[in-house]
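A quick write-up on the structure given underneath.
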Amino acid sequence: MYWNKDLETMPREKLRSLQLERLKRIVKYAYEKVPFYRKRFDTSGIKPEDIRSLEDIKYIPFTSKADLREVYPFGMFAVPLSEIVEIHSSSGTTGKPVVMGYTKNDIEVWKEVMARSITTMGVTREDIIQIAYGYGLFTGGLGFHYGALAIGATIVPASAGNTRRQIELMRDFGSTVICCTPSYALYLAEYAKDEMGIDPSSLKLKAGSFGAEMWTEEMRREIEKRFGIKAYNVYGLTEIIGPGVAHECSEQKGLHIWEDHFYPEIIDPETGEPLPEGERGELVLTTLTKEGVPMIRFRTRDITAFISGECPCGRTAIRIERIRGRSDDMIKVRGVMLFPYQIEKAILEVQGVEPHYQIILTRPQHLDEIEVQVEMSKEAFSDEVRELEVLKKKLEKRIEETVGIRVKVTLVEPKSIPRSEGKAKRVIDKRGL
């Protein structure tokens, strides 16, 4: 099922031609309208007319989150505030917030890409979409809202939190689609069953769109099993537009990037050099149609790879793997690089535990130690000490096989790890680095 079949199935050569036309235009636009870009281009000896092919994009300097923070709040805006109809911002938990402004046309583009994204799940105007992402400055809630509005589906703008009310709304309104972070979806299922006596699979949900944090195939299977739904991966970020940069189709084999609006590259995060298709690296995005805050070669820090080959769904937009972590949340322990998703994957391959865990990093004797606290299932919690020791050893072995270093696993009681109504906090680093 397509929202915009002509654009979603456009032949690759025609799509590349459209991308080049738009790339030339947005580079010239950014150079002329945003002093930051003019200065950066001039310093690098690049002029907009130097961009003659899509490959020439590699000569343009990258843009980073630090760049956006330096010009806080409106230094990247290409239009006067009188033309900005909506502002969104990052939370600023790791530094000064990043502020994005949207023109009326930008909002139309956001509606378009979100309508495509939601439609890939088979959602129509007959569906009831419960949006449990936060509304407000965070882009999650309103992004889904705009897409659902374009489709004409019935929207339940529940926003984040108030878990009991979320379950009641799903049950009483007959919601057929849920949109939230994957960790919150698991909490919703747990809460429904344990606190309200409601089997989550008895609800009318048929699909869910989950994102805003890293998650694994193993967690997808848990969500699908508990709710009896198909769980889809959505990708987006505030700096580009919010959710709607990419979304999985019914094949669930990678996320289609809506390339007529966002030009993607995969680079080596160390050298900045482009990587060949299939090789994993950092995703870099350029907005091709954004007016309010054009973004040229933005380093997302998200680790992924292009997936080669045609998708059976018929869409021609290139696909990326699910996000494997961020180049700046890679953990270095005793000289070994690892990502939290690797540990999550290993944990969920072992029976008897819940998909709730935390990674604790310490340095007691000038040597890094890593402890993984994992919640036991209710069934395992009642087992004898000897059986729990077997479970603990099994987890330690599986994690060591996956990440290549020995870790200490601590089994903790069910529901003892804090639940999140937004993004889950998986890593607690106490090393004081």
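The values are calculated or read from the model by the stated rules, or taken from the named source; none is laboratory data. Computed from a predicted model, the values in this text were never measured in an experiment. Please note: Cβ atoms are built from the backbone with ideal geometry, for glycine as well, and neighbour counts cover all protein chains shown. Side chains included, ligands, DNA and RNA excluded: accessible areas come from the protein's heavy atoms. Shrake-Rupley method; radii C 1.70, N 1.55, O 1.52, S 1.80 Å.
Brief remarks follow.
- If you go through segment 44-58 and keep only what is open to solvent by 70 Å² or more (accessible area, probe 1.4 Å) and either of a type in the set (V, I, T) or without any contact (Cβ under 8 Å) to a residue 60 or more places away in the chain (or both), you end up with K47, E49, R52, E55.
- Residues being assigned to a helix (DSSP H, G or I) and within 24 Å of V99 (Cβ to Cβ) - total across segment 132-148: 9
- Segment 161-190, residues that are crowded, with 22+ Cβ neighbours inside 10 Å, part of a loop (DSSP other than H, G, I, E, B) and at pLDDT below 95: T181
- Among the residues listed as R324, R363, R301, the single one being open to solvent by 50 Å² or more (accessible area, probe 1.4 Å), farther than 30 Å from Y263 by Cβ and of a type in the set (K, R): R363
For (1) closer than 21 Å to S183 by Cβ; (2) touching a Phe, Trp or Tyr at 6+ places or on another chain (Cβ under 8 Å), each residue gets a yes or a no:
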{"residue": "I87", "(1), (2)": "no, yes"}
{"residue": "M100", "(1), (2)": "no, no"}
{"residue": "D106", "(1), (2)": "no, no"}
{"residue": "G134", "(1), (2)": "yes, no"}
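- Listed by first and then second residue, the pairs linking a residue in segment 342-371 that is under 26 Å from E387 (Cβ atoms) to a residue that is acidic (D, E) and surrounded by fewer than 18 Cβ atoms within 10 Å (Cβ to Cβ), with Cβ atoms under 6 Å apart and 6 or more places separating them unless they lie on different chains, are K345/E218; L348/E218; I360/E371.
- Selection status of G272, assigned to a loop (DSSP other than H, G, I, E, B), at positive phi, within 20 Å of the chain's Cα centre (by Cα) and in contact (Cβ under 8 Å) with a residue 24 or more places away in the chain: no
- Single residue of E400, E396, E384 found to be open to solvent by 40 Å² or more (accessible area, probe 1.4 Å), among the acidic types (D, E) and under 29 Å from the mean Cα position of the chain (by Cα): E400
- Residue that is nearest to D329 (Cα to Cα), among those in segment 98-109 that are out of contact with any Leu (no Cβ under 8 Å at 6 or more places or on another chain) and either of a type outside the set (V, I, T) or not assigned by the TED database to the domain that holds Y135 (or both): M100
Residues checked against (1) in contact (Cβ under 8 Å) with a residue 40 or more places away in the chain; (2) touching a helix residue (DSSP H, G or I) at 6+ places or on another chain (Cβ under 9 Å); (3) assigned to a helix (DSSP H, G or I); (4) closer than 30 Å to P264 by Cα:
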site	(1), (2), (3), (4)
K193	no, yes, yes, no
I198	no, yes, no, no
W215	yes, yes, no, yes
M219	yes, yes, yes, yes
K225	no, yes, yes, no
E239	yes, yes, no, yes
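- P61 vs. criteria more than 17 Å from M100 (Cα to Cα), open to solvent by less than 50 Å² (accessible area, probe 1.4 Å), in contact with a Ser or Thr (Cβ under 6 Å, 6 or more places away or on another chain) and modelled with pLDDT of 95 or more: yes
- The set of residues in segment 261-286 that are surrounded by fewer than 21 Cβ atoms within 10 Å (Cβ to Cβ) and closer than 30 Å to G136 by Cβ contains only P264.
- When the helices (runs of 4 or more DSSP H) confined to segment 1-120 are screened for residues that are under 15 Å from G292 (Cβ atoms), those reaching at least 2 such residues are found at 12-33, 35-44, 104-119.
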